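> Attaching a single structure in structure tokens format; questions to follow.
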Amino acid sequence: MVKAQDQLVIILCKLERIFPPAFFDIRIHLVLHLLEEAILGGPVYMRWMYPFERYLKRLKDYVRNAAKPEGSISEGYVVDEALTFCSRYFDDIETRFNRPNRNDDGIHRTRRLFVFESQCKPMGKQSQVYVEKNVQDRAEFYILNNSPEIETFLNQHKQELQLRACLNPNEAHRNEFADWFFEKIYAMNRVHAPEVTHELLSLSSKSNIVVSSYPACIVNGVRFVTHARDVRLKTQNSGVSVPGTENEIFYGQLQEILEFSYLNDFSVVLFKSTTCRRYKGNGARGSGTNSDDKYRRYRRNPETQEWPGLVPLWKTFHTNKKGEWVNEAAAQDYELQSQTQEAASLGAEVDEHAVTRKVLGERRSHEKGVGRKLKGFSGSTSSTAGSRASCAPGSSSSGPTYEEFAAMQAQFATVQAES
């Protein structure tokens, strides 16, 4: 724990080079003190007072006569103990000991197919939704592809595609398997094959184009809520996660809960979520989706094993998916950084961190009315527009020249080494 406390300070200092100052609020600073509390006090569950505070609130609710609060609490406690004792012997009455779970699914029907066995308990108002043909085809193939009972038919169709020498067998498998499976099962049903059951016959048939949509549902004792319902609430419960095949976890938000109906009163519930972000098994953010494009670009070069520079990183975190700047100030800062870096490359070698500090300013040693100044210098090197413009080639002589900036950089490195 002590080692983690020392490393945490270094990690936060490294984060200051990437994220803006507004990111480091009181919640980020609280992480430093949580480790100290754990070292001094031990596990939190051995010393917190929440159970006692909750029980005191329960005793205060027993008060009916404000003139005699102690007597009201005693009488209410005795009544509660008596009712609790008697409720243990009532089997035909719902009590706290035999009441169903809050997230109970209800009666589970026995199914032979895995996709029909996973039933859920819908909640909220039901609405009928017409799905497009391509969405329905993708949903039906997803259901068929995740049915382990028909894996033999899946492999048989793949073998037929290999014999046909298709250019793209995977795409052909996705587009043609549903129709091929329908003809295969109905051909077996005409000769009364014993393998064809009512569930298998319903699965091979197309689902209804009209699907049922719900704002919430309960599956296996877990309640799922759509994002549209969470918009009106302070507590958010629309997050979903799906484990991957390479020890990563995909996270997203639940958008719709759709129930696809089949023949013989069979149905399958599917979740429609946003583009998930991928995280590796150790908690690090992965590179699986477009939503993590900024973090994906902030990784080591696989060939040179080098991290991207600060100037390209500035552009990455201040542009959207289309490559547009978030605002004009960000574009001006990037242009000044590029010009300063080009000027530094003409002379002596200058650290890229120093170039960024000069253009964007130093987060420490902030003086009111002056701006952020480089630590260890008495001259004005604030991050205002005037001082930023003085770094560019061909600027006025009001700001430091490149030779002065190189000397400042050397002095800054000396001050940092001494500190």
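The values are calculated or read from the model by the stated rules, or taken from the named source; none is laboratory data. Please read these numbers as outputs of a predicted model, since none were measured by experiment. With ideal geometry, Cβ positions are generated from the backbone for all residues, glycine too; neighbour counts draw on all protein chains shown. To get the accessible areas, we keep the full protein, side chains included, count just its heavy atoms, and leave off ligands, DNA and RNA. Shrake-Rupley method; radii C 1.70, N 1.55, O 1.52, S 1.80 Å.
> Considering only region 91-123, how many residues are open to solvent by less than 90 Å² (accessible area, probe 1.4 Å) and either in a loop (DSSP other than H, G, I, E, B) or farther than 30 Å from GLU151 by Cβ (or both)?
Matching residues across region 91-123 total 14.
> If you take the residues of region 233-267 that are of a type in the set (Asp, Glu) and more than 18 Å from the chain's Cα centre (by Cα), which of them is nearest to VAL129 (Cα to Cα)?
Within region 233-267, the subset of a type in the set (Asp, Glu) is 246, 248, 256, 259, 265.
With the extra rule that they be more than 18 Å from the chain's Cα centre (by Cα), the set shrinks to 259, 265.
On the way: GLU259: 10, ASP265: 18 Å.
Going through the qualifying residues, I end up with GLU259.
> Please determine, by comparing only the residues of region 194-230 that are closer than 23 Å to GLU132 by Cα and small (Gly, Ala, Ser), which one is most open to solvent (accessible area, probe 1.4 Å).
Among them, the one singled out is ALA228.
> Return the residue satisfying two criteria in turn: it lies in region 28-42 and is assigned to a helix (DSSP H, G or I) and not hydrophobic (A, V, I, L, M, F, W, C), and of such residues it is nearest to LYS315 (Cα to Cα).
Taking region 28-42 as the starting set, the residues that turn out to be assigned to a helix (DSSP H, G or I) are 28-41.
Within this subset, residues satisfying the condition of being not hydrophobic (A, V, I, L, M, F, W, C) are 29, 33, 36-37, 41.
Numbers: HIS29: 27, HIS33: 34, GLU36: 37, GLU37: 39, GLY41: 44 Å.
Result: HIS29.
> Let me ask you something else. What are the residues in region 51-71 that are open to solvent by 100 Å² or more (accessible area, probe 1.4 Å) and not in a helix (DSSP H, G or I), if any?
ARG64, LYS68
> Within region 203-216, is even one residue in a helix (DSSP H, G or I), out of contact with any Pro (no Cβ under 9 Å at 6 or more places or on another chain), under 16 Å from SER261 (Cβ atoms) and not β-branched (Val, Ile, Thr)? Before the answer, list the steps.
Of the residues in region 203-216, the ones in a helix (DSSP H, G or I) are 203-204.
If we keep only those that are out of contact with any Pro (no Cβ under 9 Å at 6 or more places or on another chain) as well, we get 203-204.
Restricting the remaining residues to those that are under 16 Å from SER261 (Cβ atoms) gives 203-204.
If we keep only those that are not β-branched (Val, Ile, Thr) as well, we get 203-204.
Yes, because at least one residue in region 203-216 is in a helix (DSSP H, G or I), out of contact with any Pro (no Cβ under 9 Å at 6 or more places or on another chain), under 16 Å from SER261 (Cβ atoms) and not β-branched (Val, Ile, Thr).
> Which pairs do you get when a residue that is within 30 Å of ALA4 (Cα to Cα), found in region 39-66, comes within reach of a residue that is open to solvent by 80 Å² or more (accessible area, probe 1.4 Å) and part of a loop (DSSP other than H, G, I, E, B), reach meaning Cβ atoms under 9 angstrom, with the pair 6+ apart or on two chains?
ILE39/MET1; GLY41/ARG47
> Residues of region 177-193 being under 21 Å from VAL115 (Cβ atoms) and open to solvent by 70 Å² or more (accessible area, probe 1.4 Å), which ones?
Answer for region 177-193, where residues must be under 21 Å from VAL115 (Cβ atoms) and open to solvent by 70 Å² or more (accessible area, probe 1.4 Å): ASP179, PHE182, GLU183.
> Moving on. What are the pairs with Cβ atoms under 8 angstrom where one residue, in region 266-279, is within 14 Å of LEU203 (Cα to Cα) and at pLDDT 65 or above and the other, located anywhere, is among the aliphatic types (A, V, I, L, M) and not in a strand (DSSP E or B)? Sequence gap at least six, or different chains.
PHE266/LEU203; VAL268/VAL115; VAL268/ILE143
> Output the residue which, of all residues in region 1-27 that are under 22 Å from the mean Cα position of the chain (by Cα) and not in a helix (DSSP H, G or I), is surrounded by the fewest Cβ atoms within 10 Å (Cβ to Cβ).
ASP25
> Moving to a separate point now. Report every pair of residues separated by at least 6 positions or lying on different chains whose Cβ atoms are under 9 Å apart, first residue within region 231-257 and touching a residue at least 24 places away in the same chain (Cβ under 8 Å) and in a loop (DSSP other than H, G, I, E, B), second open to solvent by 100 Å² or more (accessible area, probe 1.4 Å) and not small (Gly, Ala, Ser).
Close Cβ pairs (under 9 Å, with a partner that is open to solvent by 100 Å² or more (accessible area, probe 1.4 Å) and not small (Gly, Ala, Ser)) amount to ASN247/ASN282.
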